[in-house]
There are 2 protein chains.
Amino acid sequence: MEEEKNLYQTEQQSTISSFTKPIRCIVKLGGAAITCKNELEKINEEVLQKVSAQLRQAMIASSGKPPGMDWSKRPGKSEISCNPDDFGEDHSVLDCSPFIVVHGAGSFGHFQASKSGVHKGQLQKPLVKGGFVATRISVTTLNLEIVRALAREGIPSIGMSPFSCGWFTSKKNIASADLSMVAKATDFGFIPVLHGDAVLDETQGCAILSGDVIISHLAAHSKPEFVVFLTDVYGVYDRPPTEPDAILIREIAVGEDGSWAVVKPKLQNSNNKIELTAAAHDTTGGMATKISEAAMIAKLGIDVYIVKAATSHSLRVLNGELRSSIPDDWLGTVVRFSG
Amino acid sequence: MEEEKNLYQTEQQSTISSFTKPIRCIVKLGGAAITCKNELEKINEEVLQKVSAQLRQAMIASSGKPPGMDWSKRPGKSEISCNPDDFGEDHSVLDCSPFIVVHGAGSFGHFQASKSGVHKGQLQKPLVKGGFVATRISVTTLNLEIVRALAREGIPSIGMSPFSCGWFTSKKNIASADLSMVAKATDFGFIPVLHGDAVLDETQGCAILSGDVIISHLAAHSKPEFVVFLTDVYGVYDRPPTEPDAILIREIAVGEDGSWAVVKPKLQNSNNKIELTAAAHDTTGGMATKISEAAMIAKLGIDVYIVKAATSHSLRVLNGELRSSIPDDWLGTVVRFSG
């Protein structure tokens with residue numbers, strides 16, 4: 001009996017979900033955008049600050065910046081970041097649109113995960129076990145810094161690790177995910193901040209659960225109005241964006257069967273195939289994973305926008321200005337269900 | 001029906017627990033011991049390092065220090081703390097006795113919680129909501145530093161926030177606590193590190209869940225062999241330990257009904273009552289809470305030791321040397337069920 005139950009749990013996804021409040025938007029902060037790719041555990045402070053300010057403008061309608069919620073000292077500083085005395089009785093500062101933030105790892109976590117092979121399992125090996133602990137330390141360090149950056153802007157951000165929330169995988173796919181605390185946090189007006197994490201895996205002992213997989217799982221169960229991927233390039237290109245003739249894909253249409261095709265611009269090679277590249281640092285899949293995850297979300301009828309972080313283009317999409325139509329001067333890629 | 005269900009959930013504790021592996025020991029790292037009480041958000045690095053080394057000796061039998069698992073850079077440092085290349089194929093480094101660590105807040109979190117009144121609820125007030133976010137930032141900052149200190153000693157520590165694990169309270173008592181991830185982590189040979197946290201409360205919106213309440217809940221459901229409170233004094237005294245004539249209580253006996261009495265030494269005032277003091281910083285209850293929580297644990301037949309952190313006395317108790325009898329030269333307080 002016990003064995004049967006385990007088998008069942010392995011083959012079926014088990015998700016505890018109870019979203020009562022409609023989610024406005026799920027935002028992915030790409031690891032490549034918010035960290036310095038080539039320097040171990042270095043945050044791109046400038047981009048993170050701009051992204052946080054844009055998220056605040058998108059989430060909080062109040063005129064002016066609300067009081068900051070990070071009342072801790074930053075490393076090396078003797079004063080706390082924000083002053084609690086800035087809070088008044090004005091309850092409008094709390095009107096925060098229900099967003100969920102998920103971030104990648106960038107230059108946090110990848111070194112530790114690759115060095116030990118956490119993504120390949122075999123937790124019984126000392127190096128893998130050490131790497132599991134080390135990876136979680138690195139990604140939770142980044143999570144805390146992102147939560148703090150958002151809180152400094154007055155966003156009521158709450159860090160939530162998939163591991164602690166009880167998410168685990170089976171053959172690297174989500175086997176069980178408890179979304180009830182994410183739902184509860186949004187019900188109470190908080191902004192949950194999740195992240196790619198090292199998790200337990202029923203078949204191989206451990207695995208890396210990527211931010212992109214978390215996004216599509218969350219999207220399927222919370223049905224947000226739209227999903228935004230903030231990256232370090234303007235969107236999806238027909239070839240590596242570093243190549244001089246690379247063309248930015250403006251729109252990708254996704255069919256019932258999950259297949260996708262470029263609809264704008266019309267590309268010269270008739271089959272509309274595009275070359276896919278994975279960033280050197282991205283052990284979780286790069287652009288190929290991103291498009292197929294985006295296609296899975298779009299198939300649910302949820303529009304997905306891939307856009308460069310901390311630009312006027314990202315601000316417009318986060319504000320919801322592109323929900324009805326995409327202006328010609330907007331740079332980015334939309335992935336949409338075409339029916 | 002819905003209302004009835006909610007009422008039921010409020011009045012009954014709901015705990016998801018699945019400890020399959022016997023837990024050796026639950027250790028509380030007192031906030032006063034591991035932080036500098038009078039300086040905002042300052043860790044007592046020396047004590048934390050010694051405590052971590054003692055925990056390593058108690059948990060890991062291997063001769064010599066195992067390789068460190070904190071492969072991250074510390075703030076202001078350019079090199080990672082431990083070298084992954086130190087790991088060999090020797091699997092004995094993984095034989096880690098099943099402990100659970102819970103820590104208090106000390107000079108982390110208390111300022112943010114007191115300033116905003118998070119412990120009094122009323123999450124709809126802007127200051128309280130800001131304080132909730134600020135408190136969680138502060139306590140998770142401490143949690144991460146403790147996880148890192150343990151990992152540097154080679155302890156496979158995993159930070160787990162009660163909030164993210166889905167713990168919440170009702171009238172400040174635990175209403176629901178999901179222990180399944182704590183149990184799963186210990187099953188896989190990890191050492192969960194929990195902490196006092198700001199949590200949602202079904203009746204008043206939010207509350208502070210203290211480390212001591214977490215410990216007694218964990219003890220009741222995981223039935224450890226023994227529980228250790230590491231504090232900044234030698235144990236429980238008959239009056240404030242700063243007074244010159246304060247006498248260290250060696251043993252407290254707990255009856256079936258949860259009442260307790262000092263059995264060693266024989267005190268001169270016949271009723272064996274002791275004066276209880278709460279440390280200025282400890283908004284979660286101080287020594288009075290500690291003894292009554294210890295008594296609740298002892299009532300379950302689990303011995304509780306209250307001992308000064310980072311001393312030869314704490315090392316002996318963590319090693320389990322005091323399980324059969326208490327030597328006269330041991331300084332500390334034992335709280336035991338007397339039947």
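The values are calculated or read from the model by the stated rules, or taken from the named source; none is laboratory data. Everything numeric in this text was worked out from a predicted model, so none of it was measured. Here Cβ is always computed from backbone atoms with ideal geometry, including for glycine, and neighbour counts include all displayed protein chains.
Within region A:49-83, being within 7 Å of chain B (Cβ to nearest Cβ) and either of a type outside the set (Ser, Thr, Tyr) or exposed (fewer than 15 other Cβ atoms within 10 Å of the Cβ) (or both) holds for A:PRO67, A:MET69, A:ASP70, A:TRP71, A:LYS73, A:PRO75, A:GLY76. Determine whether A:SER138 is within 7 Å of chain B (Cβ to nearest Cβ) and buried (at least 24 other Cβ atoms within 10 Å of the Cβ). When the stated conditions are applied, A:SER138 passes them. On inspection, A:VAL307 does not qualify as surrounded by 15 or more Cβ atoms within 10 Å (Cβ to Cβ), in contact with a helix residue (DSSP H, G or I) (Cβ under 9 Å, 6 or more places away or on another chain), modelled with pLDDT of 90 or more and more than 21 Å from A:GLY196 (Cα to Cα).
The residue of region A:84-129 that is surrounded by the fewest Cβ atoms within 10 Å (Cβ to Cβ), among those that are more than 10 Å from chain B (Cβ to nearest Cβ) and under 29 Å from A:SER63 (Cβ atoms), is A:ASP95. Restricting region B:315-339 to residues that are polar (S, T, N, Q) and out of contact with any strand residue (DSSP E or B) (no Cβ under 7 Å at 6 or more places or on another chain), the residue that is farthest from B:GLY301 (Cα to Cα) is B:ASN319. Would a scan of region A:181-193 turn up a residue that is within 17 Å of the chain's Cα centre (by Cα) and within 7 Å of chain B (Cβ to nearest Cβ)? No, region A:181-193 has no match at all. The condition of being within 20 Å of B:ALA58 (Cβ to Cβ) and surrounded by 18 or more Cβ atoms within 10 Å (Cβ to Cβ) holds for B:ALA185.
The rows are residues; the columns are (1) polar (S, T, N, Q); (2) at pLDDT below 90; (3) closer than 29 Å to B:VAL47 by Cα.
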{"site": "B:ILE208", "(1), (2), (3)": "no, no, yes"}
{"site": "B:LEU218", "(1), (2), (3)": "no, no, yes"}
{"site": "B:VAL254", "(1), (2), (3)": "no, no, no"}
{"site": "B:ASN269", "(1), (2), (3)": "yes, yes, no"}
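Restricting region B:221-252 to residues that are closer than 30 Å to B:ASP187 by Cα and under 14 Å from the mean Cα position of the chain (by Cα), which is modelled with the lowest pLDDT? Checked region B:221-252; the qualifying residue modelled with the lowest pLDDT is B:THR231.
The set of residues in region B:132-178 that are more than 15 Å from B:ASP197 (Cβ to Cβ) and part of a loop (DSSP other than H, G, I, E, B) comprises B:GLU153, B:GLY154, B:ILE155, B:PRO156, B:LYS171. Applying the condition of being at the interface with chain A (Cβ under 7 Å from one of its Cβ atoms) and hydroxyl-bearing (Ser, Thr, Tyr) to region B:141-180 and asking which residue is nearest to A:PRO75 (Cα to Cα) yields B:THR141. Going by the conditions given, is A:PHE132 at pLDDT 90 or above, in contact with a Leu (Cβ under 7 Å, 6 or more places away or on another chain), over 25 Å from B:ILE146 (Cα atoms) and at the interface with another protein chain (Cβ under 10 Å from one of its Cβ atoms)? Spelling it out, it is not the case that A:PHE132 is at pLDDT 90 or above, in contact with a Leu (Cβ under 7 Å, 6 or more places away or on another chain), over 25 Å from B:ILE146 (Cα atoms) and at the interface with another protein chain (Cβ under 10 Å from one of its Cβ atoms).
Selection of first residues in region B:145-161 that are more than 13 Å from A:ARG136 (Cα to Cα) and of second residues that are among the acidic types (Asp, Glu), restricted to Cβ pairs under 7 Å at least 6 apart or on distinct chains, gives the following pairs, ordered by first then second residue: B:ARG152/B:ASP70; B:SER161/B:ASP197. Would you confirm whether or not region A:190-200 contains a residue that is in contact (Cβ under 8 Å) with a residue 12 or more places away in the chain, touching a helix residue (DSSP H, G or I) at 6+ places or on another chain (Cβ under 7 Å) and surrounded by fewer than 22 Cβ atoms within 10 Å (Cβ to Cβ)? No: region A:190-200 contains no residue that is in contact (Cβ under 8 Å) with a residue 12 or more places away in the chain, touching a helix residue (DSSP H, G or I) at 6+ places or on another chain (Cβ under 7 Å) and surrounded by fewer than 22 Cβ atoms within 10 Å (Cβ to Cβ). Taken over region A:316-339, the criterion of being under 14 Å from A:TYR234 (Cβ atoms) and part of a helix (DSSP H, G or I) is satisfied by A:ARG316, A:VAL317.
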